[in-house]
1. Write out, first by first residue and then by second, each pair whose Cβ atoms fall under 9 Å of each other, whose residues are 6+ apart or on separate chains, and whose first residue, in the stretch 378-405, is under 19 Å from Leu312 (Cα atoms) while the second is of a type in the set (S, T, N, Q) and assigned to a strand (DSSP E or B).
2. Here are some conditions: (1) open to solvent by less than 30 Å² (accessible area, probe 1.4 Å); (2) assigned to a helix (DSSP H, G or I); (3) within 15 Å of the ligand (Cβ to nearest atom). Gly263 meets all but one. Which one does it not meet?
3. For the stretch 1-96, give me every one of the strands (runs of 3 or more DSSP E) that falls completely inside it and has 2 or more residues that are within 24 Å of His222 (Cβ to Cβ).
4. List every residue pair whose Cβ atoms sit under 8 Å apart, with the two residues 6 or more apart in sequence or on different chains, where the first one lies in the stretch 324-347 and is farther than 13 Å from Met370 by Cα and the second, anywhere, is within 16 Å of the ligand (Cβ to nearest atom) and part of a strand (DSSP E or B).
5. Just one of (1) surrounded by 22 or more Cβ atoms within 10 Å (Cβ to Cβ); (2) modelled with pLDDT of 95 or more; (3) within 9 Å of the ligand (Cβ to nearest atom) trips up Ile249, so point out which.
6. Taking the stated definitions as given, is Glu152 within 16 Å of the ligand (Cβ to nearest atom) and more than 21 Å from Ile3 (Cβ to Cβ)?
7. Of the residues in the stretch 266-304, how many are more than 21 Å from Gly333 (Cβ to Cβ) and part of a helix (DSSP H, G or I)?
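The values are calculated or read from the model by the stated rules, or taken from the named source; none is laboratory data. Owing to the predicted nature of the structure, the values given are computational and were not obtained by experimental measurement. All Cβ positions, even for glycine, are placed from backbone atoms using ideal geometry, and neighbour counts span all protein chains on display. In case anyone asks, the SASA skips ligands and DNA or RNA and just uses the protein heavy atoms, side chains included. Shrake-Rupley method; radii C 1.70, N 1.55, O 1.52, S 1.80 Å.
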Amino acid sequence: MRIAVVGSGYVGLVAAACLAEIGHDVICVDSDEKKVAALKAGEPTMHEEFLPELLARSQRLSFTSSLKDAVDASAIVFIAVGTPSCETGEADVSGLEMVCREIGPQINDYKVIVTKSTVPVGTNGWIRRVLVRYGAPQGSFDVASNPEFLREGTSVTDFLFPDLIVIGAENEKCAKAMRRVYGPLTSGSYARSRQAIPAPDGARIPAPLLVTSPRSAEIIKHASNTFLAMKISFVNAVANVCELAGADIQEVVQGIGSDQRIGSRFLNPGIGYGGSCFPKDLSAFNWVARDLGYDFQLLDEITRINEEQRYLFVRKVRNALWTLKNKRIAVLGLAFKGGTDDTRESPAIAIIHMLLKEKCQIIAYDPAAMERAKPEFQNEPIEFAEDSYAAAQDVDALLVLTDWEEFGALDFKRLKKAMKHPIIVDGRNLFSRETMANLGFSYFSVGRQETTPTRTIAPTEEHEEQESNFDEPDSDIRAA
Ligand code: UDX
């Protein structure tokens, strides 16, 4: 099928590359000429597994800055522009409206306009009205809602092997066109093809597809993200109770997660969720509910617990060091989660700002996000190191703020030698308490009791446990 994707951000670019990968002719449009030039030259504009391969091998994907040309040439137009938060928490859909105003006059033969952006319920109705207002003949198009559930870092496999494809369609003609778009995934033919990207463990093949009303589809997206955020805030609150009660959150999670009604995924405690979706979607959904006349207080509480988690972490650092002023602190991790260079709404960045306010000296390292993080700290006294060991040189303590896999394979003997004091405060519960104590660290984590060194390590002693420092990667956050 001939498809246009408007917007080449995380969602748009991945959707465009994957739609081309499954056999469609795709034109990806962005008003940013520089970005278009980079993409035309085959340079991925973000760090995402498998994306470089898809961009390099696709013969069916092209880029342009002309929305008119892309819409003219396409039967299906996906809109994947940003819907950031306004100051009120409401989603700012003005970018979306602008795109619709430009698309309206281009609609001549039947087209399906598809919303991929996360939008408040009722948006599809507005898109229809704006398209007509700007020249699209009634009956010449349909509007569909097709929310995405892509996680950064795994978005290519999330797209190609989804748990579910949701289509909010106004009528059968529109639903049929959308079923054709996803045909290679719902028939399993893509997964069987020789060149397919490897399916992740437990992938649902063929992918299930659910057709709903556009309004239900819009709510599915907001409700899904809210529910996941709720799981994280819930487990963080239970972790805080565990610390006070002398219990261990990892054991508690193992217990409650075994109940299939609860499930163990998205129950990793830590410094709270961040990223471009959860915080924004929670406030947008809250705003929508209020606008419709329902006071959804649970959503306020999810956000409150999430923000409090950062303060509790800084308090933990203070408890480990007594005072913070002038302390030299290594920070491992700047991205909002492992596997991405994205620092938007990253709890790591928020915690560093708090520590800088307390006059700490920060030396930060992240495997992918340092360049993106630098503008967040203009004129701030922060250093960036080339690796974890350089960051740890002469520090009073080391903090782990992002769940990067490489942090699980650190050479702790080398790290300990570099540090002034062997104190680790782990905001992601990456390591086992016993291993850390045996390696000679004072170790603080989330929802577990602190441990102090159980033995002193001679500098020549080898550590066989080195490979097993990382706790079992039993769920999303550690697999990141
Ligand atoms: C999320 C949704 O998962 C995805 O379906 C939607 O399309 C976009 O938003 P993403 O923002 O990429 O994806 O990241 P995700 O893996 O969901 O993690 C979000 C945040 O929650 C991260 O900061 C992560 O570290 C944190 N998290 C996640 C936890 O603190 N604990 C967990 O158990 C899981």
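1. From the stretch 378-405, the pairs are Ala397/Ser442.
2. In the conditions (1) open to solvent by less than 30 Å² (accessible area, probe 1.4 Å); (2) assigned to a helix (DSSP H, G or I); (3) within 15 Å of the ligand (Cβ to nearest atom), Gly263 misses (2) alone.
3. Qualifying strands (runs of 3 or more DSSP E): 2-6, 76-79.
4. Ile329/Leu399; Ala330/Leu399
5. It is condition (3) that Ile249 fails.
6. Taking the combined requirement at face value, the residue satisfies it.
7. 21
Quick grid of which residues meet (1) outside the structural domain of Val156 (by TED's automatic domain parsing); (2) within 16 Å of the ligand (Cβ to nearest atom); (3) surrounded by fewer than 23 Cβ atoms within 10 Å (Cβ to Cβ):
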residue	(1), (2), (3)
Asn319	yes, no, yes
Thr323	yes, no, yes
Gly333	yes, yes, no
Ile362	yes, no, no
Ala369	yes, yes, no
Phe377	yes, no, yes
Glu383	yes, no, yes
